[in-house]
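Chemist: I have a structure I would like to understand better, so I am pasting it below and will then ask my questions one at a time.
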Amino acid sequence: MCNSNVKSAGVAQIDGRPVLQPAGNRVAPPPEAARPLKKSLHKSLSMPASFDNNAAACAAARPAPENARAAAAAAAAASLLPPATPASMTARATKAAAAAVAAEKSRTIKARKPGAVLPVVTFAALDAFEPAGSIAAAQREHAAQAQAQRKMRIAHYGRTASFSRVEGRVGATAEPVPTSPPGHDEKRCSFITPYSDPAYVAYHDEEWGVPVHDDELLFEMLTLSGVQVGADWTSILKKRHLYREAFSGFNVDAVAKYTEKQMASLSADFGLDLSTVRGTVNNACRILEVRRDFGSLDKYVWAFVNNKPLSPGYKYSRKIPVKTSKSESISKDMVRRGFRFVGPTVIHSFMQAVGLTNDHLVSCPRHRACSTAAAGGRAN
(Lines give C-alpha, C1' and ligand atoms only; values in the text may rest on other atoms or scores of the structure.)
Protein backbone atom coordinates (compact mmCIF):
# COMPACT_ATOMS: atom_id res chain seq x y z
CA MET A 1 0.00 0.00 0.00
CA CYS A 2 1.17 3.52 -0.72
CA ASN A 3 1.95 5.86 2.15
CA SER A 4 0.13 9.19 1.88
CA ASN A 5 2.76 10.94 4.04
CA VAL A 6 5.44 10.56 1.36
CA LYS A 7 6.08 13.75 -0.49
CA SER A 8 5.06 13.81 -4.08
CA ALA A 9 7.85 12.66 -6.29
CA GLY A 10 9.19 14.68 -9.11
CA VAL A 11 9.64 13.56 -12.68
CA ALA A 12 13.25 13.33 -13.81
CA GLN A 13 14.62 12.78 -17.31
CA ILE A 14 17.11 9.86 -17.41
CA ASP A 15 18.40 8.92 -20.87
CA GLY A 16 15.58 10.87 -22.38
CA ARG A 17 12.88 8.91 -20.54
CA PRO A 18 10.64 10.30 -17.73
CA VAL A 19 11.26 8.48 -14.45
CA LEU A 20 9.10 8.98 -11.39
CA GLN A 21 11.26 9.50 -8.28
CA PRO A 22 11.57 11.69 -5.22
CA ALA A 23 12.84 15.12 -5.86
CA GLY A 24 15.87 14.65 -3.59
CA ASN A 25 17.14 11.65 -5.59
CA ARG A 26 17.47 13.29 -8.95
CA VAL A 27 20.66 12.42 -10.75
CA ALA A 28 22.32 14.78 -13.15
CA PRO A 29 22.29 13.53 -16.71
CA PRO A 30 25.65 12.16 -17.89
CA PRO A 31 27.67 14.14 -20.41
CA GLU A 32 27.05 13.56 -24.07
CA ALA A 33 30.33 11.72 -24.71
CA ALA A 34 29.82 9.30 -21.78
CA ARG A 35 26.39 8.06 -22.86
CA PRO A 36 26.27 4.39 -24.03
CA LEU A 37 25.97 3.72 -27.72
CA LYS A 38 22.62 2.79 -29.07
CA LYS A 39 22.09 -0.58 -30.80
CA SER A 40 21.20 1.19 -33.98
CA LEU A 41 24.70 2.73 -34.09
CA HIS A 42 26.31 -0.70 -33.58
CA LYS A 43 24.27 -2.11 -36.44
CA SER A 44 25.12 0.80 -38.69
CA LEU A 45 28.82 0.20 -38.13
CA SER A 46 28.52 -3.45 -39.21
CA MET A 47 26.39 -2.74 -42.28
CA PRO A 48 27.80 -2.90 -45.82
CA ALA A 49 28.86 0.22 -47.64
CA SER A 50 25.54 0.48 -49.48
CA PHE A 51 23.75 0.92 -46.17
CA ASP A 52 26.30 3.42 -44.91
CA ASN A 53 25.30 5.84 -47.70
CA ASN A 54 21.63 5.67 -46.63
CA ALA A 55 22.61 6.30 -43.03
CA ALA A 56 24.63 9.34 -44.07
CA ALA A 57 21.68 10.75 -46.02
CA CYS A 58 19.39 10.29 -43.04
CA ALA A 59 21.90 11.96 -40.75
CA ALA A 60 22.10 14.95 -43.07
CA ALA A 61 18.34 15.45 -42.85
CA ARG A 62 18.39 15.66 -39.05
CA PRO A 63 18.65 18.96 -37.14
CA ALA A 64 22.14 20.26 -36.48
CA PRO A 65 22.38 19.51 -32.72
CA GLU A 66 21.22 15.93 -33.32
CA ASN A 67 23.76 15.46 -36.16
CA ALA A 68 26.60 16.64 -33.97
CA ARG A 69 25.46 14.35 -31.21
CA ALA A 70 25.39 11.28 -33.55
CA ALA A 71 28.78 12.17 -35.05
CA ALA A 72 30.34 12.35 -31.59
CA ALA A 73 28.82 8.96 -30.65
CA ALA A 74 30.02 7.34 -33.91
CA ALA A 75 33.53 8.68 -33.39
CA ALA A 76 33.60 7.28 -29.85
CA ALA A 77 32.36 3.86 -31.02
CA ALA A 78 34.85 3.76 -33.89
CA SER A 79 37.68 4.38 -31.45
CA LEU A 80 36.58 1.35 -29.39
CA LEU A 81 36.11 -1.14 -32.32
CA PRO A 82 39.15 -3.01 -33.73
CA PRO A 83 40.37 -1.93 -37.15
CA ALA A 84 38.83 -3.71 -40.17
CA THR A 85 40.82 -6.63 -41.60
CA PRO A 86 40.71 -8.32 -45.03
CA ALA A 87 39.10 -11.38 -43.43
CA SER A 88 36.23 -9.36 -41.94
CA MET A 89 35.73 -7.55 -45.24
CA THR A 90 35.63 -10.93 -47.04
CA ALA A 91 33.10 -12.27 -44.52
CA ARG A 92 30.83 -9.27 -45.05
CA ALA A 93 31.14 -9.61 -48.81
CA THR A 94 30.35 -13.35 -48.60
CA LYS A 95 27.23 -12.69 -46.50
CA ALA A 96 26.06 -10.06 -48.94
CA ALA A 97 26.66 -12.41 -51.91
CA ALA A 98 24.81 -15.26 -50.20
CA ALA A 99 21.90 -12.96 -49.44
CA ALA A 100 21.80 -11.84 -53.07
CA VAL A 101 21.82 -15.43 -54.35
CA ALA A 102 19.08 -16.42 -51.92
CA ALA A 103 16.95 -13.47 -52.97
CA GLU A 104 17.44 -14.31 -56.64
CA LYS A 105 16.52 -17.92 -56.00
CA SER A 106 13.35 -16.96 -54.12
CA ARG A 107 12.29 -14.64 -56.96
CA THR A 108 12.92 -17.44 -59.45
CA ILE A 109 10.79 -19.89 -57.46
CA LYS A 110 7.92 -17.40 -57.21
CA ALA A 111 8.02 -16.72 -60.92
CA ARG A 112 8.31 -20.42 -61.86
CA LYS A 113 5.76 -21.81 -64.23
CA PRO A 114 4.75 -25.47 -64.69
CA GLY A 115 7.43 -27.26 -66.67
CA ALA A 116 10.09 -24.59 -66.08
CA VAL A 117 13.61 -25.63 -65.05
CA LEU A 118 15.17 -23.90 -62.06
CA PRO A 119 18.73 -22.62 -62.33
CA VAL A 120 21.35 -24.54 -60.39
CA VAL A 121 23.23 -22.45 -57.83
CA THR A 122 26.86 -23.55 -57.45
CA PHE A 123 29.92 -22.26 -55.71
CA ALA A 124 30.91 -20.51 -58.90
CA ALA A 125 28.12 -17.99 -58.27
CA LEU A 126 29.61 -17.14 -54.90
CA ASP A 127 33.12 -16.91 -56.32
CA ALA A 128 31.98 -13.99 -58.48
CA PHE A 129 31.29 -11.90 -55.37
CA GLU A 130 34.53 -12.78 -53.58
CA PRO A 131 37.85 -11.03 -54.06
CA ALA A 132 40.64 -13.04 -55.64
CA GLY A 133 42.81 -14.95 -53.17
CA SER A 134 40.21 -15.13 -50.37
CA ILE A 135 40.36 -18.01 -47.88
CA ALA A 136 36.87 -19.33 -48.70
CA ALA A 137 37.63 -19.48 -52.42
CA ALA A 138 40.89 -21.33 -51.78
CA GLN A 139 39.12 -23.87 -49.57
CA ARG A 140 36.46 -24.51 -52.20
CA GLU A 141 39.08 -24.91 -54.89
CA HIS A 142 40.96 -27.42 -52.74
CA ALA A 143 37.73 -29.37 -52.09
CA ALA A 144 36.95 -29.47 -55.79
CA GLN A 145 40.43 -30.80 -56.60
CA ALA A 146 40.17 -33.48 -53.92
CA GLN A 147 36.79 -34.58 -55.27
CA ALA A 148 38.17 -34.78 -58.82
CA GLN A 149 41.11 -36.91 -57.61
CA ARG A 150 38.74 -39.19 -55.71
CA LYS A 151 36.61 -39.72 -58.82
CA MET A 152 39.74 -40.50 -60.82
CA ARG A 153 40.85 -43.11 -58.28
CA ILE A 154 37.43 -44.73 -58.35
CA ALA A 155 37.38 -44.78 -62.15
CA HIS A 156 40.82 -46.42 -62.32
CA TYR A 157 40.42 -48.70 -59.30
CA GLY A 158 42.48 -51.87 -59.75
CA ARG A 159 44.22 -50.65 -62.89
CA THR A 160 47.16 -48.71 -61.53
CA ALA A 161 49.12 -51.74 -60.32
CA SER A 162 48.58 -53.69 -63.52
CA PHE A 163 49.48 -50.68 -65.66
CA SER A 164 52.71 -50.19 -63.69
CA ARG A 165 53.61 -53.84 -64.11
CA VAL A 166 53.02 -53.64 -67.84
CA GLU A 167 55.04 -50.44 -68.12
CA GLY A 168 57.86 -52.02 -66.14
CA ARG A 169 58.05 -54.86 -68.64
CA VAL A 170 58.21 -52.63 -71.70
CA GLY A 171 61.26 -53.57 -73.73
CA ALA A 172 61.87 -56.75 -71.72
CA THR A 173 61.17 -60.30 -72.85
CA ALA A 174 59.05 -62.25 -70.36
CA GLU A 175 60.28 -65.77 -69.76
CA PRO A 176 57.61 -68.47 -69.53
CA VAL A 177 57.07 -69.89 -66.05
CA PRO A 178 57.30 -73.68 -66.01
CA THR A 179 54.02 -75.24 -64.93
CA SER A 180 55.62 -78.54 -63.91
CA PRO A 181 59.08 -79.66 -62.82
CA PRO A 182 61.47 -81.05 -65.44
CA GLY A 183 60.76 -84.62 -66.37
CA HIS A 184 57.28 -84.56 -64.85
CA ASP A 185 55.01 -85.27 -67.76
CA GLU A 186 52.27 -87.07 -65.81
CA LYS A 187 49.52 -85.29 -63.95
CA ARG A 188 49.45 -87.00 -60.58
CA CYS A 189 46.90 -86.43 -57.83
CA SER A 190 46.83 -82.76 -56.88
CA PHE A 191 48.14 -83.42 -53.36
CA ILE A 192 51.43 -84.51 -54.96
CA THR A 193 53.32 -81.28 -55.64
CA PRO A 194 56.84 -80.49 -56.88
CA TYR A 195 57.76 -79.93 -53.23
CA SER A 196 56.50 -83.32 -51.97
CA ASP A 197 59.03 -85.61 -50.34
CA PRO A 198 60.45 -88.27 -52.71
CA ALA A 199 59.49 -91.02 -50.26
CA TYR A 200 55.89 -89.84 -50.30
CA VAL A 201 55.87 -89.57 -54.11
CA ALA A 202 57.26 -93.10 -54.41
CA TYR A 203 54.62 -94.39 -52.00
CA HIS A 204 51.91 -92.73 -54.13
CA ASP A 205 53.29 -94.13 -57.37
CA GLU A 206 54.02 -97.68 -56.17
CA GLU A 207 51.84 -98.65 -53.19
CA TRP A 208 48.91 -96.32 -52.47
CA GLY A 209 45.71 -97.78 -53.86
CA VAL A 210 47.25 -101.06 -55.04
CA PRO A 211 45.14 -104.04 -53.82
CA VAL A 212 46.89 -105.95 -51.01
CA HIS A 213 46.07 -109.57 -50.08
CA ASP A 214 49.03 -110.46 -47.83
CA ASP A 215 48.21 -110.66 -44.12
CA GLU A 216 51.60 -109.32 -42.98
CA LEU A 217 51.35 -106.32 -45.27
CA LEU A 218 47.73 -105.74 -44.25
CA PHE A 219 48.85 -105.86 -40.60
CA GLU A 220 51.63 -103.37 -41.34
CA MET A 221 49.36 -100.90 -43.12
CA LEU A 222 46.75 -101.17 -40.36
CA THR A 223 49.44 -100.33 -37.78
CA LEU A 224 50.90 -97.45 -39.80
CA SER A 225 47.41 -96.00 -40.43
CA GLY A 226 46.77 -95.94 -36.69
CA VAL A 227 50.15 -94.36 -35.94
CA GLN A 228 49.62 -91.78 -38.69
CA VAL A 229 46.81 -90.07 -36.72
CA GLY A 230 48.10 -86.64 -35.69
CA ALA A 231 51.12 -86.91 -38.01
CA ASP A 232 51.71 -87.10 -41.75
CA TRP A 233 52.51 -89.99 -44.04
CA THR A 234 55.93 -88.61 -44.93
CA SER A 235 57.23 -88.80 -41.36
CA ILE A 236 55.70 -92.25 -40.89
CA LEU A 237 57.23 -93.56 -44.11
CA LYS A 238 60.66 -92.31 -43.06
CA LYS A 239 60.39 -94.37 -39.84
CA ARG A 240 58.85 -97.36 -41.56
CA HIS A 241 62.02 -99.43 -41.20
CA LEU A 242 61.97 -98.87 -37.42
CA TYR A 243 58.45 -100.25 -37.13
CA ARG A 244 59.37 -103.28 -39.22
CA GLU A 245 62.39 -103.99 -37.07
CA ALA A 246 60.50 -103.46 -33.81
CA PHE A 247 57.58 -105.74 -34.77
CA SER A 248 59.56 -108.54 -36.44
CA GLY A 249 58.58 -107.58 -39.96
CA PHE A 250 54.93 -107.52 -38.82
CA ASN A 251 54.83 -111.25 -38.41
CA VAL A 252 51.45 -111.76 -36.79
CA ASP A 253 52.40 -114.96 -34.92
CA ALA A 254 55.62 -113.45 -33.52
CA VAL A 255 54.08 -110.12 -32.44
CA ALA A 256 51.17 -111.87 -30.73
CA LYS A 257 53.66 -113.56 -28.34
CA TYR A 258 55.29 -110.34 -27.08
CA THR A 259 55.39 -110.08 -23.31
CA GLU A 260 55.00 -106.95 -21.20
CA LYS A 261 58.76 -106.82 -20.65
CA GLN A 262 59.45 -107.04 -24.38
CA MET A 263 56.92 -104.26 -25.09
CA ALA A 264 58.58 -101.95 -22.54
CA SER A 265 62.00 -102.73 -24.05
CA LEU A 266 60.77 -101.98 -27.59
CA SER A 267 59.29 -98.68 -26.45
CA ALA A 268 62.61 -97.64 -24.87
CA ASP A 269 64.89 -98.93 -27.63
CA PHE A 270 63.01 -97.60 -30.66
CA GLY A 271 61.45 -94.50 -29.10
CA LEU A 272 57.90 -95.74 -29.69
CA ASP A 273 54.91 -94.85 -27.55
CA LEU A 274 54.13 -97.69 -25.15
CA SER A 275 50.40 -97.50 -25.87
CA THR A 276 51.15 -97.90 -29.59
CA VAL A 277 53.24 -101.00 -28.92
CA ARG A 278 50.56 -102.52 -26.71
CA GLY A 279 47.86 -101.74 -29.25
CA THR A 280 49.86 -103.39 -32.04
CA VAL A 281 50.39 -106.55 -29.97
CA ASN A 282 46.68 -106.61 -29.11
CA ASN A 283 45.72 -106.29 -32.79
CA ALA A 284 48.04 -109.21 -33.64
CA CYS A 285 46.13 -111.35 -31.16
CA ARG A 286 42.81 -110.24 -32.68
CA ILE A 287 44.08 -111.14 -36.18
CA LEU A 288 44.74 -114.68 -34.96
CA GLU A 289 41.12 -114.86 -33.88
CA VAL A 290 39.98 -113.54 -37.28
CA ARG A 291 42.05 -116.22 -38.98
CA ARG A 292 40.25 -118.90 -37.01
CA ASP A 293 36.87 -117.44 -38.04
CA PHE A 294 37.54 -116.39 -41.65
CA GLY A 295 40.73 -118.18 -42.63
CA SER A 296 42.80 -115.02 -43.07
CA LEU A 297 42.76 -111.31 -42.48
CA ASP A 298 42.66 -110.86 -46.24
CA LYS A 299 39.32 -112.68 -46.56
CA TYR A 300 37.92 -110.79 -43.60
CA VAL A 301 38.59 -107.24 -44.84
CA TRP A 302 37.85 -107.88 -48.53
CA ALA A 303 34.48 -109.39 -47.69
CA PHE A 304 33.25 -105.90 -46.72
CA VAL A 305 33.60 -104.75 -50.38
CA ASN A 306 32.58 -108.07 -52.01
CA ASN A 307 36.18 -108.66 -53.11
CA LYS A 308 36.01 -105.70 -55.49
CA PRO A 309 37.65 -102.34 -54.80
CA LEU A 310 35.44 -99.30 -54.55
CA SER A 311 36.01 -96.67 -57.25
CA PRO A 312 34.34 -93.35 -56.38
CA GLY A 313 36.01 -91.52 -59.29
CA TYR A 314 36.91 -88.26 -57.60
CA LYS A 315 37.90 -85.35 -59.84
CA TYR A 316 39.17 -83.02 -57.11
CA SER A 317 41.19 -83.73 -53.98
CA ARG A 318 38.85 -81.63 -51.85
CA LYS A 319 36.07 -84.11 -52.64
CA ILE A 320 37.92 -87.05 -51.05
CA PRO A 321 36.37 -87.59 -47.59
CA VAL A 322 38.20 -88.59 -44.42
CA LYS A 323 35.69 -91.32 -43.69
CA THR A 324 32.76 -93.04 -45.38
CA SER A 325 29.82 -95.19 -44.39
CA LYS A 326 31.82 -98.27 -45.42
CA SER A 327 34.74 -97.34 -43.17
CA GLU A 328 32.32 -96.75 -40.31
CA SER A 329 30.78 -100.21 -40.71
CA ILE A 330 34.21 -101.91 -40.83
CA SER A 331 35.33 -99.89 -37.80
CA LYS A 332 32.30 -100.93 -35.76
CA ASP A 333 32.87 -104.61 -36.50
CA MET A 334 36.58 -104.46 -35.67
CA VAL A 335 35.92 -102.57 -32.43
CA ARG A 336 33.38 -105.25 -31.53
CA ARG A 337 36.10 -107.89 -32.08
CA GLY A 338 38.52 -106.06 -29.75
CA PHE A 339 40.81 -104.22 -32.22
CA ARG A 340 42.41 -100.97 -31.09
CA PHE A 341 43.20 -97.79 -33.05
CA VAL A 342 40.56 -98.64 -35.66
CA GLY A 343 38.34 -95.54 -35.79
CA PRO A 344 36.42 -94.68 -39.00
CA THR A 345 39.10 -92.24 -40.16
CA VAL A 346 41.91 -94.73 -39.53
CA ILE A 347 40.01 -97.49 -41.32
CA HIS A 348 39.35 -95.21 -44.34
CA SER A 349 43.08 -94.43 -44.56
CA PHE A 350 43.75 -98.18 -44.28
CA MET A 351 41.27 -98.87 -47.10
CA GLN A 352 43.01 -96.32 -49.34
CA ALA A 353 46.44 -97.78 -48.58
CA VAL A 354 45.56 -101.45 -49.30
CA GLY A 355 43.35 -100.79 -52.32
CA LEU A 356 39.94 -101.48 -50.79
CA THR A 357 38.97 -98.13 -52.37
CA ASN A 358 40.64 -96.47 -55.35
CA ASP A 359 40.78 -92.81 -54.28
CA HIS A 360 43.23 -91.70 -56.96
CA LEU A 361 41.84 -88.83 -58.99
CA VAL A 362 40.49 -89.87 -62.35
CA SER A 363 43.10 -87.63 -64.00
CA CYS A 364 45.95 -89.47 -62.24
CA PRO A 365 47.60 -92.29 -64.24
CA ARG A 366 47.64 -94.43 -61.10
CA HIS A 367 43.85 -94.55 -61.10
CA ARG A 368 43.75 -96.72 -64.20
CA ALA A 369 46.76 -98.78 -63.07
CA CYS A 370 45.13 -99.64 -59.74
CA SER A 371 41.86 -100.49 -61.47
CA THR A 372 43.74 -102.84 -63.80
CA ALA A 373 45.48 -104.47 -60.84
CA ALA A 374 42.16 -104.99 -59.09
CA ALA A 375 40.76 -106.66 -62.19
CA GLY A 376 43.58 -109.23 -62.09
CA GLY A 377 46.08 -107.36 -64.25
CA ARG A 378 49.50 -106.03 -63.28
CA ALA A 379 50.00 -102.52 -61.87
CA ASN A 380 52.58 -100.43 -63.62
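Chemist: Across every pair of different alpha-carbon atoms, what Kirkwood hydrodynamic radius in Å does the range 203-264 reach?
Modeler: Averaging 1/r across every pair of different Cα atoms and inverting gives 12.8 Å.
Chemist: Moving on to the next point. Using a ≥ b ≥ c from the Cα gyration tensor of the range 240-380 (square roots of the eigenvalues), is it rounded, prolate or oblate, where a/c under 1.5 gives rounded and otherwise the larger of a/b and b/c decides, a/b for prolate?
Modeler: It comes out prolate by the Cα gyration axes.
Chemist: Grab the beta carbon distance between residue 190 and residue 257, set R0 = 56 Å, and tell me the FRET efficiency rounded to 0.05.
Modeler: Efficiency computed from Cβ-Cβ geometry: 0.80.
Chemist: Per residue, how many Å² of accessible area does the range 235-336 show with a 1.4 Å probe?
Modeler: Per residue, the range 235-336 has an accessible area of 57 Å².
Chemist: Also, I was wondering about something else. Once the other residues with Cβ under 15 Å from the Cβ of residue 310 are scored (Lys, Arg +1; Asp, Glu -1), what is the net sum?
Modeler: After counting each charged neighbour, the total is +2.
Chemist: Which whole-Hz couplings ³J(HN,Hα) result when phi for each residue of the range 248-264 is put into the Karplus expression 6.51 cos²θ - 1.76 cosθ + 1.60, θ = phi - 60°, listed in order with x for Gly and Pro?
Modeler: In residue order, the calculated couplings are 6, x, 6, 6, 4, 5, 6, 5, 5, 9, 5, 8, 5, 5, 5, 5, 5 Hz.
Chemist: Evaluate the distance, in nm, between pseudo-label points positioned 7 Å from the Cα of residue 239 and of residue 201 along their respective Cα→Cβ axes.
Modeler: Result: 2.5 nm between the two label points.
Chemist: Turning to a different aspect of this structure: Return the FRET efficiency for the residue pair residue 150, residue 362: r is the Cβ-Cβ distance, R0 is 51 Å, and the value is rounded to the nearest 0.05.
Modeler: About 0.50, to the nearest 0.05.
Chemist: Place the peptides 298-307, 214-223, 365-374 in order of packing, highest mean first, counting for every residue the other Cβ atoms within 10 Å and averaging per peptide.
Modeler: Packing order, densest peptide first, comes out as 214-223, 365-374, 298-307.
Chemist: Amide H to amide H under 5 Å from residue 310: which residues, 5+ apart in sequence or cross-chain, H placed 1.01 Å off N in plane?
Modeler: Sorted by chain and number, the residues that satisfy this are 357, 358.
Chemist: Arrange the residues 292, 286 by how much accessible surface each exposes, largest first, with a 1.4 angstrom probe.
Modeler: Ranking 292, 286 by accessible area, largest first, yields 292, 286.
Chemist: Largest first, how would 213, 360 line up by accessible area (1.4 Å probe)?
Modeler: Per-residue accessible area, sorted high to low, gives 213, 360.
Chemist: Can you compute the FRET efficiency between residue 264 and residue 214 using 1/(1 + (r/R0)^6), with r the Cβ-Cβ distance and R0 = 30 Å? Round to the nearest 0.05.
Modeler: 0.55
Chemist: Residue 288 versus residue 372, label points 7 Å from Cα toward the beta carbon: distance in nm?
Modeler: 4.2
The values are calculated or read from the model by the stated rules, or taken from the named source; none is laboratory data. None of the values given here were measured: they were computed from a predicted structure. In this analysis, Cβ positions are derived from the backbone assuming ideal geometry, glycine residues included, and neighbour counts consider all displayed protein chains. Only protein heavy atoms, including side chains, enter the accessible area calculation; ligands, DNA and RNA are left aside. Shrake-Rupley method; radii C 1.70, N 1.55, O 1.52, S 1.80 Å.
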